[in-house]
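Structure, as structure tokens:
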Amino acid sequence: MSMQGFCPAGEQTKARVIDNQLKCHGYLDIETTGCSRDSELTVVGVGQVQGEQRRFGQLYGRQITADAVLGLLDGIDEIYTYNGNRFDLPFIRQRLRLDLRRQFAHTDLMYNCWRKDLKGGLKIVEVKLGIPRGLPDMNGYMAVKLWWDYVNDNDLEALRVLLEYNREDVMNLHVLREKLGVA
């Protein structure tokens, strides 16, 4: 699913300065088959928020290419992740040969949480801050299982749940950024 043209297009550099009201915030989260070097990228989700406008797009399986990921990020001024410095961005760089840190400003909200003594994974922080989830019992291990259920058994319901889980991760990053007061 592409969101091209949602946020103002233009040169995407770290030096770009935009009035916060017009800034296009991008939220990125990935799903994988694990954390090892042999693991595969299974889902890339990107949310875009600019003022009151919100959009969301995802790629999964063979849809995931460097060009397709850049298409989802088109017009974004800054990418926000949770543990993206250590996981999401290096994984994308390794698998797709795409270094998003060179092309976009990036804020890893995990470190903002740590400064407020909010430790743990995204779901733990969400609970502490009262950020709700539609799939509260879902976790990364289950995401891997859902992917393999989809791949091995053509289980479309497993894919639907996996994509919804990723969507919640992505869009809750926006709520988290606002609760933390991160510009």
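Working carefully through the options Asp108, Asp155, find the one that is crowded, with 16+ Cβ neighbours inside 10 Å and over 30 Å from Asp74 (Cβ atoms).
Asp155
Looking at region 113-134, is at least one residue among the acidic types (Asp, Glu) and either surrounded by 17 or more Cβ atoms within 10 Å (Cβ to Cβ) or farther than 17 Å from Asp169 by Cβ (or both)?
Scanning region 113-134 turns up at least one residue that is among the acidic types (Asp, Glu) and either surrounded by 17 or more Cβ atoms within 10 Å (Cβ to Cβ) or farther than 17 Å from Asp169 by Cβ (or both).
Can we say Tyr150 is at pLDDT below 95, within 22 Å of Ser39 (Cβ to Cβ), out of contact with any Cys (no Cβ under 7 Å at 6 or more places or on another chain) and assigned to a helix (DSSP H, G or I)?
Answer is no for this residue.
For region 135-146, which residues satisfy the criterion of being at pLDDT 95 or above and over 17 Å from the mean Cα position of the chain (by Cα)?
Result: Met142, Lys145, Leu146.
Could you tell me whether Asn139 is among the polar types (S, T, N, Q) and farther than 17 Å from Asn83 by Cα?
no
On the given criteria, is Ala143 among the aliphatic types (A, V, I, L, M), within 16 Å of Leu59 (Cα to Cα), surrounded by 13 or more Cβ atoms within 10 Å (Cβ to Cβ) and without any contact (Cβ under 8 Å) to a residue 24 or more places away in the chain?
no
Take Asp99 and tell me if it is surrounded by fewer than 17 Cβ atoms within 10 Å (Cβ to Cβ) and either among the small types (Gly, Ala, Ser) or within 19 Å of the chain's Cα centre (by Cα) (or both).
yes
The values are calculated or read from the model by the stated rules, or taken from the named source; none is laboratory data. Note that the structure is predicted; figures quoted are calculated from it, not measured. Using ideal geometry, Cβ is built from the backbone for each residue, glycine included, and neighbour counts are taken over all protein chains shown.
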